[in-house]
Every structure is written in structure tokens, then in C-alpha cells.
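Single-structure report; data block below.
The values are calculated or read from the model by the stated rules, or taken from the named source; none is laboratory data. Nothing here was measured: the structure is a model prediction, and the numbers come from that model. FYI the Cβ positions are ideal-geometry reconstructions off the backbone, even for glycines, and counts take in every protein chain you see. These area figures cover heavy atoms from the full protein model, side chains too; ligands, DNA and RNA do not enter into them. Shrake-Rupley method; radii C 1.70, N 1.55, O 1.52, S 1.80 Å.
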Amino acid sequence: MAEKSATEGLLGHKATDTAITVVEMTANTDFVAKNEEFKKLLHDLVEMADQNKIDSAEKLSAMSLNGALVSENVKAMAGKIGENIGIKRVVRAEGDFGYYIHFDDKQGAIVELSGVSGVKAREIGKDIAMHIVFAKPSFLTRDEVSPEAIKKETEIITDRLKTDPKNASKPPEILAKIATGQLNKFYAEQVLPDQAYYKENAKTVAQILKDSGATVKRFVRFQVGVI
């Protein structure tokens, strides 16, 4: 009998002025995710990950808790409750960063920055993190989009143009320009700097960052049960 997929769970986090650690723990049902034992274990794992500067689920699972491996603690809870429980991700950021964790502890983002520091980094980072939770970008730069994905999207656009009566009779060079424009829309949906800023749609995230003097070095988006 196949295990039910663990599409529920919670994000646990601990943040200081110099670092943040996020642990994503999953379960089959939201009922279990709200269980006090589940939340207590998540809290303990966050504390352990933070104290030991752990940055992966594998490293955390290999730590010792209550006289046994963390992985054995998780397995024991899964057996007791009767659900598929697991540590999905552990992410840590240090230095200049901002973050946002939604009130339900199911969505969030961490943004590592350069060009700004201290309170300004926290404020800008939080704003960009909130944008990331809202707009759900997949990439930090256009270069991160695979050639295969670009080729596939271009083929979809080209096929759509060929079957559109308004465009079918246009010269190939015109269709190529239209395709390039529509590919830019694809980037505007998927690539963080290209996206319209959620607070001010007339500006892109790239413009907001430029105005603030900040550059995003890395971002991590969390959505329990999805990523």
C-alpha cells in the first residue's frame, strides 16, 4: 500500500540579527500538523538546527535528540500518530538578509542581500520576501532558466501565433519579434527581478532593488506541501 503524500505541515523558524534557520516538517493532514507533540518536536528541531548552524535536512536527521537520532525521533512520532511525517527542508541564512513567514506558518521566504546591511537589509529583505510569497518566482536570474524550458516556451508561443488568424499571415521576422515580446512576459512571470513589484505594479522588482541599492544574492521560497 503506497504511503499518502505528506502535503501538510508547518514551518518552524528562529531568527536573530545575524542569522535565520527555517525547518519545514511535513505530515499527511493539517490535523496532525496542529498536534502539540508535532509542534513541540518541530520547535526542538529548530533550536537544534539554529544552535548547530545546520543547513540541511540530512545533517539535522543525523543529529542526536533524546538519546536517539533525530530521524528515529521523527520515525517514532510517525508510528505513534499513524502518518507520514518527515523533515523536508532545513534552510539557514547568515549576514544581511530579510525574511517573511506567513501567520499560518505554511508559507514564507528568505532573501539574502548585498549592498545593504542592518535594519535596512531587514526591511528591504522582508518586503522582497513578501513579494516572493505573493508572486512565487522560480528563478533569480534569466540565466537560471534552462535552455530546454526556453525552447519549450518559444515553441508554445510560435505554435500559438501560427494558429492565430490575426498573426498567421504576418512575415516571419514580425512573428519573431512578437514571440520575443511574449517570451519576455514569461520571464516577467518566472524571474524575480523581471516581476512587477507587488506593492507597485508600475515598477519591476529590479527597479525597486536598484532604488534601494540592494542586490539579491539568493532567495528561498517555502510553501508547505508544494515545493
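Can you work out which of the residues in segment 24-61 that are free of Cβ contacts under 8 Å to residues at least 40 places away in the same chain and among the hydroxyl-bearing types (Ser, Thr, Tyr) is surrounded by the fewest Cβ atoms within 10 Å (Cβ to Cβ)?
Residue satisfying both the conditions and the ranking: SER56.
State yes or no: is ILE132 among the aliphatic types (A, V, I, L, M), crowded, with 16+ Cβ neighbours inside 10 Å and either part of a helix (DSSP H, G or I) or on the phi < 0 side of the Ramachandran plot (or both)?
Values: among the aliphatic types (A, V, I, L, M): yes; crowded, with 16+ Cβ neighbours inside 10 Å: yes; either part of a helix (DSSP H, G or I) or on the phi < 0 side of the Ramachandran plot (or both): yes.
When the stated conditions are applied, ILE132 passes them.
So which residues in segment 1-23 are hydroxyl-bearing (Ser, Thr, Tyr), surrounded by fewer than 16 Cβ atoms within 10 Å (Cβ to Cβ) and within 21 Å of ALA109 (Cβ to Cβ)?
Let us first name the residues in segment 1-23 that are hydroxyl-bearing (Ser, Thr, Tyr), namely 5, 7, 16, 18, 21.
Still in the running and surrounded by fewer than 16 Cβ atoms within 10 Å (Cβ to Cβ): 5, 7, 16, 18.
Answer for segment 1-23, where residues must be hydroxyl-bearing (Ser, Thr, Tyr), surrounded by fewer than 16 Cβ atoms within 10 Å (Cβ to Cβ) and within 21 Å of ALA109 (Cβ to Cβ): THR7, THR16, THR18.
Name every residue in segment 62-77 that is open to solvent by less than 50 Å² (accessible area, probe 1.4 Å), in a helix (DSSP H, G or I) and under 15 Å from LYS40 (Cβ atoms), in order of residue number. Quick ask: steps written out before the conclusion?
Filtering segment 62-77 for residues open to solvent by less than 50 Å² (accessible area, probe 1.4 Å) gives 65, 68, 70-71, 73-74, 77.
Imposing the further condition that a residue be in a helix (DSSP H, G or I) reduces the set to 70-71, 73-74, 77.
Passing the criteria: VAL70, ASN73, VAL74, MET77.
Residue check: is LYS166 at pLDDT below 95, part of a helix (DSSP H, G or I) and loosely packed, with under 15 Cβ neighbours inside 10 Å? Working first, answer last.
Values: at pLDDT below 95: yes; part of a helix (DSSP H, G or I): no; loosely packed, with under 15 Cβ neighbours inside 10 Å: yes.
So LYS166 fails the test.
Considering only residues that are under 16 Å from the mean Cα position of the chain (by Cα) and of a type in the set (Ser, Thr, Tyr), look in segment 65-117 and name the one that is nearest to VAL216 (Cα to Cα).
TYR99
Residue check, ARG89 against (1) of a type outside the set (Val, Ile, Thr); (2) under 17 Å from GLY225 (Cβ atoms); (3) outside any strand (DSSP E or B), all met but one. Which one?
(3) is the only condition that ARG89 fails.
For segment 169-217, give me the residue count where each residue is open to solvent by 60 Å² or more (accessible area, probe 1.4 Å), of a type in the set (Ser, Thr, Tyr) and outside any loop (DSSP other than H, G, I, E, B).
Final tally of qualifying residues: 2.
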